[in-house]
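The values are calculated or read from the model by the stated rules, or taken from the named source; none is laboratory data. Everything numeric here is computed off the predicted structure, so don't read it as measured data. Cβ sites come from the backbone with ideal geometry, for glycine too, and all protein chains shown count toward neighbours.
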Amino acid sequence: MTAWWSGAVAYEVYVRSFADGDGDGIGDLVGLRSRLPVLAELGVDVVWITPFYPSPLLDGGYDVTDHRDVDRVYGGLPALDAVLADAHELGMRVVVDLVPNHTSSEHPWFRAARSSRDDPHRDLYVWRDPAPDGGPPNNWVSHFGGPAWTYDGATGQYWLHLFLPEQPDLNWAHPRVPDEFAATLTWWLERGVDGFRVDVAHGLVKDPQLRDNPRVLEVDTDADARTAWGAFEHRYDLDQEGAPGVYERWRSIADAYDALLVGEVYLLDPARVARYVREQRGLHSALCIPSVRTRWDARAIATMLRDSLATAAGNLAWVLSSHDDSRAPSRFGGGEEGRRRALAYLTLLAGLPGLLVVYQGDELGLEDVPVPVEHARDPIVVRSGRPAAGRDPVRTPMPWEPAEGFGFTTGEPWLPFGDRRAEDTVARQRGDPRSHWNRTRDLFRVRREVRDLRGPAPVTWLRLGDPVVAYRRGGAVVAANCGADPATLDLGAGFDVLYATAERCGTVGPVVELAPAEALVLRGRP
Ligand code: TEU
């Protein structure tokens, strides 16, 4: 029997920016609930909600103080229960975002851990004495800039944090940590959630000796966080030998509820990612991070797709955009052209086995919005004053209606709308059969209805770039022109057009000409 997530379309909801139900300018679960019908209409199978836990919000809620609660600002647990009930009623599943690598420094465990070296919670986190010169215990750096260690004067030791100092890393070598998370999984599954997106899934296990990472590049001392991070080979802080094994226990818990575990394995080497999903003993699926980082370049796209598929087959989640990376139309050059390219790229992803993950606004062809530094919320910007590096431009509120507050809020939005236009809104696009929203919906429908695309049929590559990328799955063919000029594809026979990103008549072949950034889904004629 095929798993329910095989071939499913998942939709990432960045809850603070999706829909505001109470006019405080912040998206919440009441707002999300009211917009669930339109997600069902779009053809979404799985709604992934970013963290909604109680949090001081220093990292958009990825700094959790209680893993088994919903913050009041989002409506609390009753609002989540209502989302679950309605989503299920509409035939959709709900995946929640679990953050096991770290907690907030305001979490009761860390407050206790910090209170004294002898506190029983101390070893739930990673503490070390200073180096002989008084500095940090090793050379690890934080994703968000600066050292991965902060000194606690009161107890005379450093604590480890791969992200903000206010996001101390948990010590997964301490048996209580896996026990607590196993119980947390069960707690949410009992409540009715259908699975988990596992944050920083490759990061939980650290080198027991905490050895220095090899330096691979010399960078300026004032380099931005991403550059400073890239100066090291992350041999000892991430993706350790035992990292995938953490999820074997989770798998048995999830399988008992027929629930999904999809990991944010933020690694660019497909072979490393494959370790987490290949044997299907741990995570069911891993987000394919290279798919959200690839440029508009036929060779790069083809190689990325081929290598990812070759190592992890149907166990990847193909991602178009996310709350961490530039939106597809912006990545691909922006404007009308960027939007066309994003739709062609989505078509290529939509025919592949595995999960397909889009981010709120992808269905509208939204681009990144410049966010002035005085409105910045991303700690990468707030703490460095460098807007270029930040993630706020992909986190601005959804434009629902062409009205004051864009139907997102009746209050003051927590991030600005920037230059969003009436044409960007769901209301406008839904009423226009040729809009990005409707073309996306048509694509999702084809993915659902064409059995060869939804099932386990293997991918056979027909063309790997130069500039057409094309593959066959069973009787279906998916092709996109990822170049700047018109290009032809020899199909060897006539095909029916099931889906086209631009206007097309019903049949093509044996040779089909594809305009730049045009993509097709075809089926062989009997
Ligand atoms: O991201 C983990 C991660 O490694 C990157 O996305 C990183 O945040 C980014 O490259 C910085 O430029 C996850 C979440 O998706 C992200 O939003 C959180 O900030 C992070 O974990 C910490 O919980």
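Suppose we filter region 118-147 for residues that are in a helix (DSSP H, G or I) and aliphatic (A, V, I, L, M); how many remain?
1
Which of the residues belonging to region 275-287 are within 18 Å of the chain's Cα centre (by Cα) and without any contact (Cβ under 8 Å) to a residue 40 or more places away in the chain?
Residues of region 275-287 within 18 Å of the chain's Cα centre (by Cα): 276-277, 283-287.
Selection gives VAL277 alone.
Quick one: is GLY27 under 27 Å from SER285 (Cα atoms), among the small types (Gly, Ala, Ser) and buried (at least 23 other Cβ atoms within 10 Å of the Cβ)?
no
Counting just the residues of region 358-374 that are outside any loop (DSSP other than H, G, I, E, B) and at pLDDT below 95, which one comes out farthest from the chain's Cα centre (by Cα)?
Within region 358-374, the match that is farthest from the chain's Cα centre (by Cα) is GLU374.
Determine, yes or no, whether VAL193 is touching a residue at least 24 places away in the same chain (Cβ under 8 Å), within 23 Å of HIS323 (Cα to Cα) and more than 16 Å from the ligand (Cβ to nearest atom).
Yes, satisfied.
Of all residues being hydroxyl-bearing (Ser, Thr, Tyr) and part of a helix (DSSP H, G or I) in region 300-328, which is farthest from the ligand (Cβ to nearest atom)? Just the residue, please.
So the first thing to find is which residues in region 300-328 are hydroxyl-bearing (Ser, Thr, Tyr), and the list is 303, 308, 311, 321-322, 326.
Imposing the further condition that a residue be part of a helix (DSSP H, G or I) reduces the set to 303, 308, 311.
On the way: THR303: 22, SER308: 18, THR311: 20 Å.
This residue is THR303.
Taking TYR247 and the conditions (1) of a type outside the set (Val, Ile, Thr); (2) closer than 20 Å to ASN139 by Cβ; (3) without any contact (Cβ under 8 Å) to a residue 60 or more places away in the chain, which numbered condition does it fall short on, given that it satisfies the others?
(2)
Give just the number: which of (1) over 27 Å from ARG215 (Cβ atoms); (2) within 16 Å of the ligand (Cβ to nearest atom); (3) assigned to a loop (DSSP other than H, G, I, E, B) does ASP97 not satisfy?
That leaves (3) as the condition not met.
So if I check each of ARG463, ARG428, which one is closer than 28 Å to GLY354 by Cα, charged (D, E, K, R) and surrounded by fewer than 21 Cβ atoms within 10 Å (Cβ to Cβ)?
Details: ARG428 fails: closer than 28 Å to GLY354 by Cα.
Answer to the check: ARG463.
Here is a yes/no grid of residues against (1) touching a strand residue (DSSP E or B) at 6+ places or on another chain (Cβ under 9 Å); (2) surrounded by fewer than 18 Cβ atoms within 10 Å (Cβ to Cβ); (3) on the phi < 0 side of the Ramachandran plot:
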position: GLY361; (1), (2), (3): no, no, no
position: GLU367; (1), (2), (3): no, no, yes
position: PHE406; (1), (2), (3): no, no, no
position: PRO416; (1), (2), (3): no, yes, yes
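Any chance region 18-25 includes a residue that's at pLDDT below 95 and outside any strand (DSSP E or B)? Give the steps one after another, and end with the answer.
Let us first name the residues in region 18-25 that are at pLDDT below 95, namely none.
No - not one qualifying residue is present in region 18-25.
With the requirement that a residue be assigned to a strand (DSSP E or B), of a type outside the set (Val, Ile, Thr), more than 30 Å from PRO516 (Cβ to Cβ) and out of contact with any helix residue (DSSP H, G or I) (no Cβ under 8 Å at 6 or more places or on another chain), what does region 250-298 give you?
SER285
What's the number of the condition ARG111 fails, among (1) surrounded by fewer than 20 Cβ atoms within 10 Å (Cβ to Cβ); (2) in contact with a Lys or Arg (Cβ under 9 Å, 6 or more places away or on another chain)?
If we test ARG111 against (1) surrounded by fewer than 20 Cβ atoms within 10 Å (Cβ to Cβ); (2) in contact with a Lys or Arg (Cβ under 9 Å, 6 or more places away or on another chain), just (2) comes out false.
Cβ-Cβ under 7 Å, sequence separation 6+ or interchain: first residue in region 64-77 and closer than 21 Å to PRO178 by Cα, partner among the small types (Gly, Ala, Ser). Which pairs?
Final answer for the pair search is VAL64/SER55; VAL64/SER104; THR65/SER55; THR65/SER104.
Could you list, in sequence order, the residues of region 297-349 that are within 18 Å of the chain's Cα centre (by Cα), among the charged types (D, E, K, R) and closer than 22 Å to ARG434 by Cβ?
ARG327 - this is the single residue of region 297-349 that is within 18 Å of the chain's Cα centre (by Cα), among the charged types (D, E, K, R) and closer than 22 Å to ARG434 by Cβ.
Going residue by residue through region 258-274, is there one that turns out to be in contact (Cβ under 8 Å) with a residue 40 or more places away in the chain, closer than 21 Å to VAL47 by Cβ and more than 16 Å from the chain's Cα centre (by Cα)?
The answer is yes; a qualifying residue exists.
Of the residues ALA87, ALA79, which is small (Gly, Ala, Ser), under 18 Å from TYR14 (Cα atoms), touching a strand residue (DSSP E or B) at 6+ places or on another chain (Cβ under 8 Å) and more than 16 Å from the ligand (Cβ to nearest atom)?
Going through ALA87, ALA79 in turn, just one is small (Gly, Ala, Ser), under 18 Å from TYR14 (Cα atoms), touching a strand residue (DSSP E or B) at 6+ places or on another chain (Cβ under 8 Å) and more than 16 Å from the ligand (Cβ to nearest atom): ALA87.
Give the residues of region 424-437 that are within 12 Å of PHE406 (Cβ to Cβ), without any contact (Cβ under 8 Å) to a residue 60 or more places away in the chain and out of contact with any Phe, Trp or Tyr (no Cβ under 8 Å at 6 or more places or on another chain), sorted by residue number.
ARG428, the sole residue that qualifies.
Looking at region 388-405 only, could you name the residues that are of a type outside the set (D, E, K, R), away from the ligand (no atom under 12 Å from the Cβ) and farther than 23 Å from GLU12 by Cβ?
Matches in region 388-405: PRO402, ALA403.
Given the conditions (1) under 19 Å from LEU164 (Cα atoms); (2) aliphatic (A, V, I, L, M); (3) within 16 Å of the ligand (Cβ to nearest atom), report the number of the one that LEU210 does not fulfil.
In the conditions (1) under 19 Å from LEU164 (Cα atoms); (2) aliphatic (A, V, I, L, M); (3) within 16 Å of the ligand (Cβ to nearest atom), LEU210 misses (3) alone.
Kindly evaluate THR440 against the criterion of being surrounded by 14 or more Cβ atoms within 10 Å (Cβ to Cβ), in contact with a strand residue (DSSP E or B) (Cβ under 6 Å, 6 or more places away or on another chain), among the hydroxyl-bearing types (Ser, Thr, Tyr) and touching a residue at least 60 places away in the same chain (Cβ under 8 Å). Break it down stepwise before answering.
On the way: surrounded by 14 or more Cβ atoms within 10 Å (Cβ to Cβ): yes; in contact with a strand residue (DSSP E or B) (Cβ under 6 Å, 6 or more places away or on another chain): no; among the hydroxyl-bearing types (Ser, Thr, Tyr): yes; touching a residue at least 60 places away in the same chain (Cβ under 8 Å): yes.
Against the criterion (surrounded by 14 or more Cβ atoms within 10 Å (Cβ to Cβ), in contact with a strand residue (DSSP E or B) (Cβ under 6 Å, 6 or more places away or on another chain), among the hydroxyl-bearing types (Ser, Thr, Tyr) and touching a residue at least 60 places away in the same chain (Cβ under 8 Å)), THR440 does not qualify.
Could you please give the count of residues in region 329-343 that are assigned to a helix (DSSP H, G or I) and either on the phi > 0 side of the Ramachandran plot or within 16 Å of the ligand (Cβ to nearest atom) (or both)?
Of the residues in that region, 3 qualify.
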